[in-house]
Amino acid sequence: MRDNIAKTKYLIIGNSAGGIGAAEAIRSRDKVGEITIVSDEPYPAYSRILISKYFIGERDLDHMLLRPLDFHDVNNITFLSGKKVAKLLLHSHEIELEDSSRFSYEKLMLALGGSPVIPELDGCDKDGVFTYTKLDNIKAIDKYLDRVRTAVVYGGGLIGTSAAEALAERGLKVTMIVRSRMLRTVLDAHASSVVALTLERAGVTVLTGHTAVKITGDSKVKGVVLDDGNSLPCDLLVVATGVSPRIELASKAGIMVDSGIVVNRHMQTSNPDVYACGDVAQVHDYVYGQNRVTPVWPGAYNGGVVAGSNMAGKSVEYDGGTSMNTLSYFGLNIASAGITMPTDEGHEVLVNDSGDNYQKIVLRDDCIVGFVLLGNIDKAGAILSIMKERIDVSSIKQDILSKSAGGLVNLLWHMRLESIKSN
(Lines give C-alpha, C1' and ligand atoms only; values in the text may rest on other atoms or scores of the structure.)
Protein backbone atom coordinates (compact mmCIF):
# COMPACT_ATOMS: atom_id res chain seq x y z
CA MET A 1 0.00 0.00 0.00
CA ARG A 2 2.73 2.45 0.97
CA ASP A 3 4.50 1.84 -2.35
CA ASN A 4 1.51 3.52 -4.05
CA ILE A 5 1.87 6.73 -2.07
CA ALA A 6 3.21 9.58 -4.16
CA LYS A 7 6.09 11.41 -2.54
CA THR A 8 6.93 15.10 -2.58
CA LYS A 9 9.24 17.24 -0.49
CA TYR A 10 6.97 20.26 -0.26
CA LEU A 11 3.21 19.90 -0.35
CA ILE A 12 0.99 22.98 -0.64
CA ILE A 13 -2.79 22.76 -0.28
CA GLY A 14 -4.27 25.80 -1.97
CA ASN A 15 -3.40 27.54 -5.21
CA SER A 16 -4.25 31.18 -4.51
CA ALA A 17 -2.04 34.05 -3.30
CA GLY A 18 -0.62 32.28 -0.23
CA GLY A 19 0.13 29.04 -2.04
CA ILE A 20 1.81 30.88 -4.91
CA GLY A 21 3.88 32.97 -2.48
CA ALA A 22 5.03 29.83 -0.68
CA ALA A 23 5.94 28.04 -3.91
CA GLU A 24 7.95 31.00 -5.20
CA ALA A 25 9.83 31.35 -1.91
CA ILE A 26 10.63 27.63 -1.81
CA ARG A 27 11.86 27.57 -5.37
CA SER A 28 14.05 30.64 -4.85
CA ARG A 29 15.99 28.70 -2.20
CA ASP A 30 15.57 25.09 -3.28
CA LYS A 31 15.90 24.67 -7.05
CA VAL A 32 15.32 20.91 -7.18
CA GLY A 33 13.11 19.86 -4.26
CA GLU A 34 9.77 18.45 -5.40
CA ILE A 35 6.87 20.87 -4.96
CA THR A 36 3.27 19.71 -5.32
CA ILE A 37 0.28 22.06 -5.18
CA VAL A 38 -3.18 20.60 -4.63
CA SER A 39 -6.24 22.74 -5.44
CA ASP A 40 -9.93 21.92 -5.25
CA GLU A 41 -10.59 24.34 -8.11
CA PRO A 42 -10.01 23.33 -11.75
CA TYR A 43 -8.27 26.58 -12.70
CA PRO A 44 -4.79 28.07 -12.54
CA ALA A 45 -4.26 30.60 -9.74
CA TYR A 46 -6.57 33.56 -10.35
CA SER A 47 -7.56 36.73 -8.53
CA ARG A 48 -10.84 36.27 -6.68
CA ILE A 49 -11.05 40.04 -6.41
CA LEU A 50 -11.67 40.13 -10.17
CA ILE A 51 -14.56 37.66 -10.36
CA SER A 52 -17.07 40.51 -10.67
CA LYS A 53 -15.06 41.88 -13.61
CA TYR A 54 -15.36 38.44 -15.21
CA PHE A 55 -19.11 38.46 -14.54
CA ILE A 56 -19.71 41.80 -16.25
CA GLY A 57 -17.43 40.92 -19.16
CA GLU A 58 -14.51 43.23 -18.41
CA ARG A 59 -12.03 40.40 -17.81
CA ASP A 60 -11.59 36.86 -19.08
CA LEU A 61 -9.75 34.17 -17.14
CA ASP A 62 -6.45 34.84 -18.91
CA HIS A 63 -6.54 38.40 -17.56
CA MET A 64 -7.37 37.28 -14.02
CA LEU A 65 -4.40 34.98 -13.54
CA LEU A 66 -1.96 35.65 -10.70
CA ARG A 67 0.84 34.08 -12.72
CA PRO A 68 1.34 33.03 -16.37
CA LEU A 69 -0.19 29.76 -17.52
CA ASP A 70 3.22 28.07 -17.64
CA PHE A 71 4.06 29.04 -14.04
CA HIS A 72 3.97 25.48 -12.71
CA ASP A 73 5.97 24.06 -15.61
CA VAL A 74 8.62 26.80 -15.49
CA ASN A 75 9.08 26.28 -11.76
CA ASN A 76 8.96 22.46 -11.94
CA ILE A 77 5.83 22.28 -9.78
CA THR A 78 3.35 19.42 -9.93
CA PHE A 79 -0.12 20.96 -10.00
CA LEU A 80 -3.12 18.81 -9.11
CA SER A 81 -6.27 20.76 -9.95
CA GLY A 82 -9.81 19.81 -9.03
CA LYS A 83 -8.63 17.62 -6.15
CA LYS A 84 -10.04 17.91 -2.65
CA VAL A 85 -8.11 16.86 0.45
CA ALA A 86 -10.07 14.60 2.80
CA LYS A 87 -7.60 14.06 5.65
CA LEU A 88 -4.31 15.19 7.10
CA LEU A 89 -2.39 12.19 8.42
CA LEU A 90 0.22 14.02 10.44
CA HIS A 91 1.68 10.98 12.20
CA SER A 92 2.83 9.58 8.85
CA HIS A 93 3.46 12.91 7.08
CA GLU A 94 0.73 12.20 4.53
CA ILE A 95 -2.49 13.61 3.17
CA GLU A 96 -5.39 11.65 1.73
CA LEU A 97 -7.52 12.97 -1.13
CA GLU A 98 -11.23 12.29 -1.56
CA ASP A 99 -10.38 9.73 -4.25
CA SER A 100 -8.37 7.85 -1.55
CA SER A 101 -5.01 8.58 -3.16
CA ARG A 102 -2.25 9.65 -0.79
CA PHE A 103 0.78 11.93 -0.85
CA SER A 104 3.66 11.99 1.59
CA TYR A 105 5.54 15.18 2.39
CA GLU A 106 8.43 16.56 4.38
CA LYS A 107 6.88 20.01 4.80
CA LEU A 108 3.19 20.84 4.43
CA MET A 109 1.60 24.22 3.74
CA LEU A 110 -2.10 24.93 4.42
CA ALA A 111 -3.37 27.80 2.27
CA LEU A 112 -6.96 26.67 2.51
CA GLY A 113 -8.75 30.02 2.34
CA GLY A 114 -12.32 30.45 3.56
CA SER A 115 -15.78 29.08 2.92
CA PRO A 116 -19.03 31.05 2.57
CA VAL A 117 -21.09 31.16 5.75
CA ILE A 118 -24.52 29.75 4.92
CA PRO A 119 -27.16 30.95 7.40
CA GLU A 120 -29.78 28.63 8.85
CA LEU A 121 -32.40 29.80 6.39
CA ASP A 122 -35.26 27.64 5.16
CA GLY A 123 -34.99 27.26 1.39
CA CYS A 124 -31.25 27.68 0.83
CA ASP A 125 -31.27 24.52 -1.29
CA LYS A 126 -33.60 25.94 -3.93
CA ASP A 127 -32.52 26.62 -7.50
CA GLY A 128 -31.48 30.22 -7.92
CA VAL A 129 -29.65 30.51 -4.59
CA PHE A 130 -25.93 31.14 -4.99
CA THR A 131 -22.81 32.12 -3.13
CA TYR A 132 -20.27 34.52 -4.61
CA THR A 133 -16.68 33.63 -3.71
CA LYS A 134 -15.35 31.52 -6.58
CA LEU A 135 -15.23 31.62 -10.35
CA ASP A 136 -17.53 28.60 -10.59
CA ASN A 137 -20.16 30.53 -8.58
CA ILE A 138 -20.01 33.30 -11.16
CA LYS A 139 -20.30 30.89 -14.07
CA ALA A 140 -23.33 29.24 -12.46
CA ILE A 141 -25.04 32.60 -11.90
CA ASP A 142 -24.29 33.62 -15.47
CA LYS A 143 -25.97 30.49 -16.83
CA TYR A 144 -29.02 31.18 -14.67
CA LEU A 145 -29.49 34.81 -15.73
CA ASP A 146 -31.68 34.14 -18.76
CA ARG A 147 -34.59 33.52 -16.37
CA VAL A 148 -33.81 36.39 -13.95
CA ARG A 149 -35.15 39.94 -13.73
CA THR A 150 -34.91 40.67 -10.03
CA ALA A 151 -32.19 39.70 -7.57
CA VAL A 152 -31.70 39.92 -3.82
CA VAL A 153 -28.29 40.02 -2.19
CA TYR A 154 -28.28 38.96 1.46
CA GLY A 155 -25.32 40.63 3.11
CA GLY A 156 -23.73 44.07 3.02
CA GLY A 157 -20.07 43.20 3.35
CA LEU A 158 -17.33 43.24 0.72
CA ILE A 159 -18.66 40.22 -1.17
CA GLY A 160 -22.31 41.24 -1.03
CA THR A 161 -21.60 44.77 -2.20
CA SER A 162 -19.49 43.49 -5.10
CA ALA A 163 -22.27 41.07 -6.06
CA ALA A 164 -24.91 43.79 -5.94
CA GLU A 165 -22.88 46.11 -8.15
CA ALA A 166 -22.18 43.37 -10.71
CA LEU A 167 -25.81 42.20 -10.86
CA ALA A 168 -26.96 45.79 -11.35
CA GLU A 169 -24.38 46.22 -14.11
CA ARG A 170 -25.91 43.17 -15.79
CA GLY A 171 -29.26 44.95 -15.86
CA LEU A 172 -31.05 43.33 -12.92
CA LYS A 173 -33.22 45.08 -10.37
CA VAL A 174 -31.26 44.48 -7.16
CA THR A 175 -32.22 44.71 -3.50
CA MET A 176 -29.74 44.27 -0.66
CA ILE A 177 -30.68 42.94 2.78
CA VAL A 178 -28.15 44.23 5.31
CA ARG A 179 -28.27 43.11 8.93
CA SER A 180 -26.74 46.30 10.33
CA ARG A 181 -25.04 48.73 7.96
CA MET A 182 -23.01 48.65 4.76
CA LEU A 183 -19.41 47.40 5.00
CA ARG A 184 -19.54 47.67 8.79
CA THR A 185 -16.33 45.67 9.35
CA VAL A 186 -14.18 48.06 7.29
CA LEU A 187 -15.94 51.46 7.46
CA ASP A 188 -17.32 53.80 10.09
CA ALA A 189 -21.00 54.73 10.23
CA HIS A 190 -20.64 57.89 8.12
CA ALA A 191 -18.73 56.14 5.34
CA SER A 192 -21.26 53.30 5.41
CA SER A 193 -24.09 55.76 4.83
CA VAL A 194 -22.23 57.31 1.88
CA VAL A 195 -21.76 53.87 0.32
CA ALA A 196 -25.45 53.05 0.81
CA LEU A 197 -26.46 56.34 -0.81
CA THR A 198 -24.11 55.67 -3.74
CA LEU A 199 -25.74 52.29 -4.36
CA GLU A 200 -29.23 53.76 -4.04
CA ARG A 201 -28.39 56.43 -6.62
CA ALA A 202 -27.21 53.65 -8.96
CA GLY A 203 -30.58 51.91 -8.64
CA VAL A 204 -29.80 49.34 -5.93
CA THR A 205 -32.32 49.24 -3.07
CA VAL A 206 -30.55 48.93 0.29
CA LEU A 207 -32.55 47.67 3.27
CA THR A 208 -30.45 48.05 6.42
CA GLY A 209 -31.30 46.66 9.83
CA HIS A 210 -33.03 43.56 8.48
CA THR A 211 -32.45 39.82 8.26
CA ALA A 212 -33.95 37.18 6.00
CA VAL A 213 -36.03 34.46 7.68
CA LYS A 214 -37.27 32.33 4.77
CA ILE A 215 -36.78 31.73 1.06
CA THR A 216 -40.03 31.17 -0.79
CA GLY A 217 -40.79 29.20 -3.94
CA ASP A 218 -41.22 25.56 -4.86
CA SER A 219 -38.05 24.17 -6.41
CA LYS A 220 -36.89 27.64 -7.51
CA VAL A 221 -36.48 30.76 -5.44
CA LYS A 222 -39.39 33.18 -5.80
CA GLY A 223 -38.81 35.55 -2.92
CA VAL A 224 -37.33 36.27 0.49
CA VAL A 225 -39.32 36.92 3.67
CA LEU A 226 -37.82 39.51 6.02
CA ASP A 227 -37.83 39.61 9.80
CA ASP A 228 -40.58 42.26 9.74
CA GLY A 229 -42.86 39.97 7.74
CA ASN A 230 -42.48 41.77 4.43
CA SER A 231 -41.64 39.70 1.36
CA LEU A 232 -39.26 40.60 -1.46
CA PRO A 233 -40.00 38.88 -4.77
CA CYS A 234 -36.88 37.76 -6.65
CA ASP A 235 -35.70 35.28 -9.25
CA LEU A 236 -32.19 34.98 -7.84
CA LEU A 237 -30.64 35.20 -4.37
CA VAL A 238 -26.97 35.67 -3.57
CA VAL A 239 -26.09 34.69 0.00
CA ALA A 240 -23.13 36.79 1.13
CA THR A 241 -23.37 36.73 4.92
CA GLY A 242 -19.70 36.14 5.59
CA VAL A 243 -16.73 33.86 5.03
CA SER A 244 -15.30 31.46 7.60
CA PRO A 245 -11.68 30.18 7.66
CA ARG A 246 -11.51 26.56 6.49
CA ILE A 247 -10.03 25.17 9.69
CA GLU A 248 -11.80 21.78 9.67
CA LEU A 249 -8.95 19.73 8.19
CA ALA A 250 -6.44 21.17 10.64
CA SER A 251 -8.73 20.85 13.63
CA LYS A 252 -9.57 17.20 12.93
CA ALA A 253 -5.86 16.44 12.57
CA GLY A 254 -5.09 17.93 15.99
CA ILE A 255 -3.48 21.18 14.84
CA MET A 256 -4.21 24.09 17.19
CA VAL A 257 -6.99 26.35 15.93
CA ASP A 258 -8.85 29.37 17.26
CA SER A 259 -10.67 31.76 14.94
CA GLY A 260 -8.21 30.47 12.35
CA ILE A 261 -5.24 28.12 12.32
CA VAL A 262 -2.84 29.36 14.99
CA VAL A 263 0.65 30.14 13.66
CA ASN A 264 3.81 31.74 15.03
CA ARG A 265 5.85 34.47 13.36
CA HIS A 266 7.43 31.81 11.09
CA MET A 267 3.88 30.87 9.91
CA GLN A 268 4.43 27.52 11.61
CA THR A 269 1.48 25.72 13.18
CA SER A 270 1.49 23.67 16.39
CA ASN A 271 2.89 20.84 14.24
CA PRO A 272 6.50 21.83 13.38
CA ASP A 273 6.34 20.46 9.83
CA VAL A 274 3.03 22.15 8.95
CA TYR A 275 2.64 25.81 8.03
CA ALA A 276 -0.39 27.97 7.24
CA CYS A 277 -1.10 31.36 5.70
CA GLY A 278 -3.79 33.48 4.11
CA ASP A 279 -7.45 33.66 5.01
CA VAL A 280 -7.24 30.48 7.10
CA ALA A 281 -4.40 31.60 9.37
CA GLN A 282 -4.48 33.64 12.55
CA VAL A 283 -1.46 35.89 12.04
CA HIS A 284 0.24 38.84 13.74
CA ASP A 285 -1.68 42.10 13.32
CA TYR A 286 0.65 45.02 14.05
CA VAL A 287 -2.25 47.39 14.82
CA TYR A 288 -3.84 45.22 17.49
CA GLY A 289 -0.57 43.68 18.67
CA GLN A 290 -2.01 40.18 18.59
CA ASN A 291 -2.77 37.36 16.19
CA ARG A 292 -5.97 37.77 14.21
CA VAL A 293 -7.51 36.48 10.98
CA THR A 294 -6.85 39.22 8.41
CA PRO A 295 -8.21 38.01 5.06
CA VAL A 296 -6.49 40.36 2.63
CA TRP A 297 -4.52 39.48 -0.50
CA PRO A 298 -1.16 41.14 0.38
CA GLY A 299 -1.13 39.46 3.78
CA ALA A 300 -1.85 36.08 2.22
CA TYR A 301 0.99 36.41 -0.29
CA ASN A 302 3.50 37.79 2.22
CA GLY A 303 2.58 35.10 4.71
CA GLY A 304 3.09 32.51 2.01
CA VAL A 305 6.54 33.86 1.22
CA VAL A 306 7.51 33.69 4.90
CA ALA A 307 6.14 30.16 5.24
CA GLY A 308 7.84 28.96 2.05
CA SER A 309 11.17 30.43 3.11
CA ASN A 310 11.02 28.63 6.45
CA MET A 311 9.89 25.38 4.82
CA ALA A 312 13.01 25.53 2.65
CA GLY A 313 15.32 26.14 5.60
CA LYS A 314 15.71 29.93 5.71
CA SER A 315 14.56 31.42 9.02
CA VAL A 316 12.26 34.36 8.26
CA GLU A 317 9.71 36.08 10.49
CA TYR A 318 6.42 37.60 9.39
CA ASP A 319 6.53 41.29 10.29
CA GLY A 320 2.78 41.54 10.54
CA GLY A 321 -0.14 42.80 8.54
CA THR A 322 -3.53 44.34 9.18
CA SER A 323 -6.89 44.65 7.47
CA MET A 324 -6.50 46.88 4.41
CA ASN A 325 -9.03 47.35 1.64
CA THR A 326 -9.09 49.49 -1.49
CA LEU A 327 -12.44 49.34 -3.27
CA SER A 328 -14.57 51.09 -5.83
CA TYR A 329 -18.35 50.82 -6.14
CA PHE A 330 -20.20 52.71 -8.86
CA GLY A 331 -17.30 55.16 -9.12
CA LEU A 332 -16.92 55.75 -5.37
CA ASN A 333 -13.34 54.99 -4.36
CA ILE A 334 -12.81 53.63 -0.85
CA ALA A 335 -9.72 52.83 1.21
CA SER A 336 -9.62 51.71 4.82
CA ALA A 337 -7.24 49.96 7.18
CA GLY A 338 -6.82 49.06 10.80
CA ILE A 339 -9.15 50.44 13.46
CA THR A 340 -11.90 52.50 11.86
CA MET A 341 -14.37 52.58 14.77
CA PRO A 342 -12.43 53.05 18.04
CA THR A 343 -14.36 51.92 21.10
CA ASP A 344 -12.42 53.55 23.95
CA GLU A 345 -11.15 56.97 24.97
CA GLY A 346 -7.54 56.05 24.32
CA HIS A 347 -7.94 56.98 20.64
CA GLU A 348 -7.89 60.35 18.90
CA VAL A 349 -9.94 60.84 15.74
CA LEU A 350 -9.23 63.44 13.05
CA VAL A 351 -11.82 64.03 10.33
CA ASN A 352 -11.96 66.14 7.19
CA ASP A 353 -15.31 65.90 5.40
CA SER A 354 -15.39 68.11 2.34
CA GLY A 355 -18.43 66.53 0.74
CA ASP A 356 -16.83 64.82 -2.24
CA ASN A 357 -13.98 63.53 -0.11
CA TYR A 358 -14.05 62.10 3.38
CA GLN A 359 -10.88 61.51 5.38
CA LYS A 360 -10.68 59.99 8.84
CA ILE A 361 -7.51 59.19 10.76
CA VAL A 362 -7.53 57.22 14.02
CA LEU A 363 -4.55 57.65 16.36
CA ARG A 364 -3.37 56.01 19.56
CA ASP A 365 -0.32 57.31 21.44
CA ASP A 366 0.30 59.73 18.54
CA CYS A 367 0.61 56.87 16.04
CA ILE A 368 -1.88 56.10 13.26
CA VAL A 369 -3.79 52.89 13.95
CA GLY A 370 -6.51 53.23 11.30
CA PHE A 371 -8.01 55.31 8.55
CA VAL A 372 -10.96 55.68 6.19
CA LEU A 373 -10.79 57.52 2.86
CA LEU A 374 -13.67 58.10 0.44
CA GLY A 375 -13.36 59.80 -2.94
CA ASN A 376 -9.71 60.69 -3.39
CA ILE A 377 -7.73 57.77 -1.95
CA ASP A 378 -4.35 58.61 -3.48
CA LYS A 379 -2.63 58.99 -0.12
CA ALA A 380 -3.77 55.62 1.24
CA GLY A 381 -0.40 54.00 0.56
CA ALA A 382 1.56 56.73 2.33
CA ILE A 383 -0.75 56.66 5.36
CA LEU A 384 -0.46 52.87 5.50
CA SER A 385 3.34 53.15 5.52
CA ILE A 386 3.22 55.69 8.36
CA MET A 387 0.88 53.36 10.23
CA LYS A 388 3.01 50.24 9.77
CA GLU A 389 6.23 52.02 10.74
CA ARG A 390 4.53 53.39 13.87
CA ILE A 391 5.84 56.88 13.19
CA ASP A 392 5.05 59.50 15.83
CA VAL A 393 2.85 62.01 14.00
CA SER A 394 2.21 64.37 16.92
CA SER A 395 3.86 67.27 15.09
CA ILE A 396 2.18 66.71 11.71
CA LYS A 397 -1.35 65.55 12.54
CA GLN A 398 -3.18 68.17 10.53
CA ASP A 399 -0.70 67.85 7.65
CA ILE A 400 -1.84 64.25 7.11
CA LEU A 401 -5.34 65.48 6.30
CA SER A 402 -4.40 68.64 4.41
CA LYS A 403 -1.47 67.53 2.27
CA SER A 404 -1.81 65.95 -1.16
CA ALA A 405 -0.61 62.43 -1.80
CA GLY A 406 2.68 63.71 -3.19
CA GLY A 407 3.13 66.11 -0.29
CA LEU A 408 2.51 63.34 2.20
CA VAL A 409 5.02 61.06 0.48
CA ASN A 410 7.66 63.83 0.64
CA LEU A 411 6.84 64.41 4.30
CA LEU A 412 7.21 60.70 5.01
CA TRP A 413 10.56 60.63 3.22
CA HIS A 414 11.89 63.55 5.28
CA MET A 415 10.68 61.94 8.51
CA ARG A 416 12.51 58.74 7.64
CA LEU A 417 15.64 60.73 6.84
CA GLU A 418 15.49 62.56 10.16
CA SER A 419 15.01 59.25 11.96
CA ILE A 420 18.15 57.85 10.30
CA LYS A 421 20.17 60.95 11.26
CA SER A 422 19.01 60.83 14.88
CA ASN A 423 20.05 57.18 15.15
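Residues in segment 101-122 that are buried (at least 23 other Cβ atoms within 10 Å of the Cβ) and touching a helix residue (DSSP H, G or I) at 6+ places or on another chain (Cβ under 7 Å): how many?
6
If the Cβ limit is 8 Å and pairs must be 6+ apart or interchain, which residue in segment 256-277 that is more than 11 Å from residue 318 (Cα to Cα) and at pLDDT 95 or above pairs with which residue that is surrounded by 24 or more Cβ atoms within 10 Å (Cβ to Cβ) and of a type in the set (Asp, Glu)?
Sorted first by the residue in segment 256-277, then by its partner, the pairs are 260/279.
Of all residues being among the basic types (Lys, Arg) and over 15 Å from residue 137 (Cα atoms) in segment 38-96, which is surrounded by the fewest Cβ atoms within 10 Å (Cβ to Cβ)? Just the residue, please.
It comes out as 84.
Answer yes or no: is there a residue in segment 337-345 that is assigned to a loop (DSSP other than H, G, I, E, B) and touching a Cys at 6+ places or on another chain (Cβ under 7 Å).
no
May I ask you to say which residue of 82, 113 is out of contact with any strand residue (DSSP E or B) (no Cβ under 7 Å at 6 or more places or on another chain), within 21 Å of residue 310 (Cα to Cα) and either without any contact (Cβ under 8 Å) to a residue 12 or more places away in the chain or not basic (Lys, Arg) (or both)?
On the way: 82 fails: within 21 Å of residue 310 (Cα to Cα).
Being out of contact with any strand residue (DSSP E or B) (no Cβ under 7 Å at 6 or more places or on another chain), within 21 Å of residue 310 (Cα to Cα) and either without any contact (Cβ under 8 Å) to a residue 12 or more places away in the chain or not basic (Lys, Arg) (or both) holds for just one of 82, 113, which is 113.
Given the conditions (1) without any contact (Cβ under 8 Å) to a residue 24 or more places away in the chain; (2) within 19 Å of the chain's Cα centre (by Cα); (3) within 30 Å of residue 362 (Cβ to Cβ), and given that residue 248 satisfies all but one, which numbered condition is not satisfied?
(3)
Taking the criterion of being under 23 Å from the mean Cα position of the chain (by Cα) and modelled with pLDDT of 95 or more, would at least one residue in segment 221-233 satisfy it?
no
Here is a list: 139, 134, 143, 107. Which entry is on the phi < 0 side of the Ramachandran plot and in contact with a strand residue (DSSP E or B) (Cβ under 8 Å, 6 or more places away or on another chain)?
107
Given the structure, is residue 174 more than 27 Å from residue 293 (Cβ to Cβ), in the same structural domain as residue 231 (by TED's automatic domain parsing), in contact with a strand residue (DSSP E or B) (Cβ under 6 Å, 6 or more places away or on another chain) and surrounded by fewer than 22 Cβ atoms within 10 Å (Cβ to Cβ)?
In short, no.
The values are calculated or read from the model by the stated rules, or taken from the named source; none is laboratory data. None of the values given here were measured: they were computed from a predicted structure. Reconstructed Cβ throughout: ideal geometry from the backbone, glycine too, with neighbour counts over all protein chains shown.
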